[in-house]
Amino acid sequence: MPDISLTTVVLLCLAALAAGWIDAVVGGGGLLLLPALLLGLPAGTPAAHALGTNKAVAIVGTTGAAITYARKAPVDVKTAVRIGLAALAGSSAGAFFAAGMSTEVLKPVIMVVLLAVAAFVILRPAFGTAPATGPATRRQILAAIGLGGLGIGFYDGLIGPGTGTFLVLALTALLHLDLVTASATAKIVNCCTNAGALAMFAWQGAVLWQLAALMAVFNLAGGTLGAHTALKKGSGFVRVVLLTVVFALVANLAYEQWLA
């Protein structure tokens, strides 16, 4: 455990609580949790330790949210795990290529895509509000494995921010799910990708386990509460949170690209 003031630890725990709630509802909790760790850890702490600790915290909240959703939402766990395994492979490939590729070139493209997504959701109020019409077809599942698994998994390894949000959007569009069921499915996929990343960081000794354990308790509470909130409020509420997170992600990427 690094030398961190009690005030900083409390703030990090509150950030973990809020991030767990956001991530459970629509994804994107890392937009809050990772910057909080980067700011809260002592100067000189390797960035890998923030990334590894972030994964150790996030996997607990994501798992809690996934269990809550699986109990109360019509989630096809088998399909979700298949997409998750593809995402695990995709994120590994993305991480491999990340070392030799400038993500600065890709960030403006991602911002344009996000703004287009926001415009689509705004102009299509019914998107993700209708319940699924029936079991997904084989073609739809293969498309979800390819784009939602391999494609978004690759993005997660290459760049990262907003992966959960992209998953919710892709699963809603490809499998014709409502936003609540898509969020539930995305949590199971996230568990698979987080497990792979955490294993790598742990092997490298880049996880601050004591701090992670404390923050994970709050992240779990936030994730469980967020899942209950989404289930209670429905797809309309998730849609509002989705748009908020999309615009926050665009602002974050723009800041990193031009102001940081």
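Taken together, the values in this text are just the output of simple stated rules run on the coordinates, not laboratory data. Remember, it's a predicted structure, so these values are computed and weren't measured experimentally. When we count neighbours, we look across all protein chains shown, and the Cβ atoms used for this are built from the backbone with ideal geometry, even at glycine.
Using a Gaussian network model on the chain with a 10 Å cutoff between Cα atoms, which of 67, 141, 122 fluctuates the most? The residue that fluctuates most here is 122.
On the principal axes of its alpha carbon atoms, the chain extends 54, 38, 32 Å, with the longest extent given first. For segment 1-40, the share of alpha carbon pairs falling in successive 5 Å distance bins from zero is 6, 27, 30, 19, 11, 5, 2 percent. Full extension of the chain between residue 244 and residue 71 yields a length gain of 59.6 nm, computed as 0.36 nm times the residue separation minus the alpha carbon distance.
Note on the chain: GNM, Cα springs under 10 Å; of 77, 113, 189, the largest mean-square fluctuation is that of 113. When the Cα positions of 145, 200, 51 are compared along the charge dipole of the chain, 145 comes out farthest toward the positive end, with charges on each C-beta of Lys, Arg, Asp and Glu.
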